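Okay, so here's the structure we're looking at.
None of the figures in this text is laboratory data; all of them are computed from the coordinates on show. All figures in this text were calculated on a predicted structure; none of them were measured in a lab. All Cβ positions, even for glycine, are placed from backbone atoms using ideal geometry, and neighbour counts span all protein chains on display.
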Amino acid sequence: MIVNRAEVIIGRIVLVIVLLLTILPLANMLSAALQPADVNPVGLRWPTDPQWINFATAFETGNVWRLMGSSLFIVVFVVPTALIFATLAGYALGNLRVRGGRFLFLFLILGLTIPFEALIIPLYYEMKGLGVLNTQWAVILPLIGLYMPFSVVWMRAHFLGVPTELSEAARVDGATTFQEFWRIQMPLARPALSALAILLFLWTWNQFLLPVVLIADPLNRTVAGSLTFFQGQYSSSIPLLNAGALIIIVPTIVVFIIFQRQFIRALLQGAVKG
Amino acid sequence: MTTSIAPRRAAAKRAVRRGTLIGWAFAAPALLAYLAFVITPLLLGVQYSFYRWNGVGPSEWVGLANYLRVFTDPNLLGAIRNAFVLIGFFTIIPVSAGLVLATLIRTMRTGFFSSASQTILFLPQIIPLAAAGIAWSWMYAQTGAVNQILNAVGLGFLARPWLGDLQTALPAVGLIGSWVLTGLCTVLFLTGIGKIDQSLYEAVRLDGANWWREFITVTIPGLRQEIAVLVTITVIAALSSFDIIFTTTLGGPGRATMVPGILIYRIGFTQSDVGLASAFGIVLMILVLACVLPIQRLARAGAR
């Protein structure tokens, strides 16, 4: 590869500046979180006497355990259900190629670009009608439906890539459709499924609009949706607000750093396919 | 002969029908969820949009009056205008910055520094947008880091409460979007550049092309697909922005940062004008489609 030395150096410098800009707001949160809770903090600086106690206070008054539990409850219902539904439908469209499947596929594609805001008002009254408004189900049920276009298109793309000889061989050996699906297709679908699982987890955990509108009690929302509750709770204390927000962010960052390779791959694939 | 073919044919037909039936059974749960929680609210929204309704009392058919208001009310038009301004910050800045950054760092050998910088560039993509809003409201505060840095470099006269100032609030909110999306663009472009045939770069270099020519003749055409994808995603993010604005300005000061998402929420739930909010929602959906479809068509035409 032919490159100028100057280019390499400029590249490094620009990269370092961008990296600093990326971290700055997060570092700034930490710096605010460690300043005394009862004073208005000043900008970015390492406090002489870091108040780690702020995190404990924010954890306590923010009901963080309850929030995490509520988020987890939502994730535990949404992600596996969406994965199962999407895999079954993806298999029907990608492998079985059912009659009318093309129509179904186009019908789903239609849903890919609908912004959640366009549906939120009717969803509110729909959830009210179902009697689940202000419970976690008001977020769980719509999210499963809203994830279908992306998830089915994603799994369909995977099943299209699996050679048809595999299914034919299985059929010749007398496997039923379900056996073939379970024994042969599922193990092969694992990478596509785990990438989709990561994306759905992240989107659910960070979901904001639906919980804010559909669940009145912030303690029953997702953690992201409860951030507005933090803003109200700590409107008089910037250090505590930042400590609370950091507590909410850190688990996601930890999970991200552990699985970063899978995360980045999933997000990039998600971007391209979406 | 005919007697044996007929039943066989019937059996084959039955098998196909059974296959189709099983196929639709596989697709049914997804289809039902989609019908129940996407299509139903969509149709409900269309229905509401023709009525005046406060959410509890009786409703009154008003025809296209709600749509007329969407296109004549300066407040609603202002929100749409702001959403288009945000495209500059959510799409143009991140995509161009991502292109330049990816070009500059493409020569980096894979190693700890390169993978660490990927991780860091991706961080804003991982945290909730609402949290990014909180982080940045503190950055932009009167005593916050932005003003502190301006003071430190002798530009203190520029210092102000960025989100509270009518002139700067919208760009300030927009830059939060740039912060969130630049990393995603950079990393996706980096992977894209990795797939471009390296001999193309060598060839233009041997022709004596400078950095700019190489960028225009090799990098940009090679990344056409990635550019189309990122423009689509970021335009949707700009037009349907909600989380960041909800946690920073709520549309204020005045209406300086009001966007369709926040306004739908306000009209629908604070002002209880369900019909108007639904009509605005439908218009927003059509607006997104109208922006995304040409991008897709351009990308496909370009690929041919």
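Peptide A:223-231 has a mean of 4 when you count, residue by residue, the C-beta atoms of other protein chains within 10 Å of its C-beta. When both segment B:209-272 and segment B:100-151 are represented by their alpha-carbon centers, they are found 17 Å apart.
For the protein assembly as shown, the alpha carbon positions stretch 98, 75, 49 Å along the principal axes, listed from largest to smallest. Normalised by the number of residues in chain A, the average gap of Cα pairs under 8 Å and 6 or more apart makes the relative contact order 30 percent. Among A:258, A:34, A:104, whose Cα sits farthest toward the positive end of the charge dipole of chain A (+1 at Cβ of Lys/Arg, -1 at Cβ of Asp/Glu, about the Cα centre)? So the residue furthest toward the plus end is A:104. For segment A:44-134, the Cβ-based charge dipole about the Cα centre amounts to some 480 debye (Lys, Arg positive; Asp, Glu negative; other atoms uncharged). In segment A:134-274, Cα pairs under 8 Å separated by at least six residues give a relative contact order of 28 percent.
Our coupling estimate for segment A:6-23, obtained by passing each phi through the Karplus curve with A = 6.51, B = -1.76, C = 1.60 and θ = phi - 60°, is 4, 4, 4, 5, 4, x, 4, 4, 4, 4, 4, 4, 5, 4, 4, 4, 5, 7 Hz, Gly and Pro reported as x. In sequence order, segment A:171-181 has phi-based couplings of 5, 4, 6, x, 6, 6, 4, 5, 4, 4, 4 Hz under the Karplus curve 6.51 cos²θ - 1.76 cosθ + 1.60, θ = phi - 60°, and Gly or Pro positions carry x.
Look at the dipole of segment B:65-303 built from charges on Cβ: of B:167, B:184, B:235, the Cα furthest out on the positive end belongs to B:235. The fewest-to-most ranking of B:86, A:20, A:30 by surrounding Cβ atoms within 10 Å reads A:20, A:30, B:86.
With helices as the sole contributors, the protein assembly as shown gives -22500 deg cm²/dmol at 222 nm; each DSSP H run of n ≥ 4 counts as -39500 (n - 2.57), and the sum is divided by every residue.
Averaged over the residues of A:47-57, the number of partner chain Cβ atoms lying within 10 Å of the residue Cβ comes to 0.
Amide H contacts for residue B:51 (H built 1.01 Å from N in the peptide plane; partners 5 or more residues away or on another chain; cut-off under 5 Å): B:62.
Taking every Cα-Cα distance in segment B:124-196 and sorting them into 10 Å bins from zero, the calculated P(r) comes out as 18, 39, 26, 13, 3 percent. Backbone N atoms of segment A:219-237 closer than 15 Å to the 7 Å Cα→Cβ label point of residue A:134 belong to residues A:219-221. Can you check what the net charge comes to around residue A:171, using other residues whose Cβ is under 11 Å from the Cβ of residue A:171 (Lys, Arg +1; Asp, Glu -1)? Once positives and negatives cancel, what remains is -4.
Ordered by the number of other Cβ atoms lying within 10 Å of each residue's own Cβ, fewest first, B:287, A:246 fall into the sequence B:287, A:246. With both labels modelled 7 Å from their Cα along Cα-to-Cβ, the residue B:298 to residue A:53 distance reads 5.8 nm.
The slack in the chain from residue A:66 to residue A:40, taken as 0.36 nm per residue of separation less the alpha-carbon distance, amounts to 6.5 nm. Taking 0.36 nm per residue of sequence separation and removing the Cα-Cα distance, the residue A:188/residue A:7 pair yields an extension gain of 60.8 nm. Per-residue mean of foreign Cβ neighbours for B:283-295 is 2 (Cβ atoms of other chains, 10 Å radius). For the protein assembly as shown, the Cβ-based charge dipole about the Cα centre amounts to some 1880 debye (Lys, Arg positive; Asp, Glu negative; other atoms uncharged).
For the residues A:107, A:208, A:159, a GNM of chain A with alpha-carbon springs under 10 Å puts the largest fluctuation on A:107.
Neighbours of residue B:62, meaning other residues whose beta-carbon lies under 15 angstrom from its beta-carbon, give a summed charge of -1 when Lys and Arg score +1 and Asp and Glu score -1. Here the dipole of chain B is about 1380 debye; that uses its Cα centre as origin and unit charges on the Cβ of Lys and Arg (positive) and Asp and Glu (negative).
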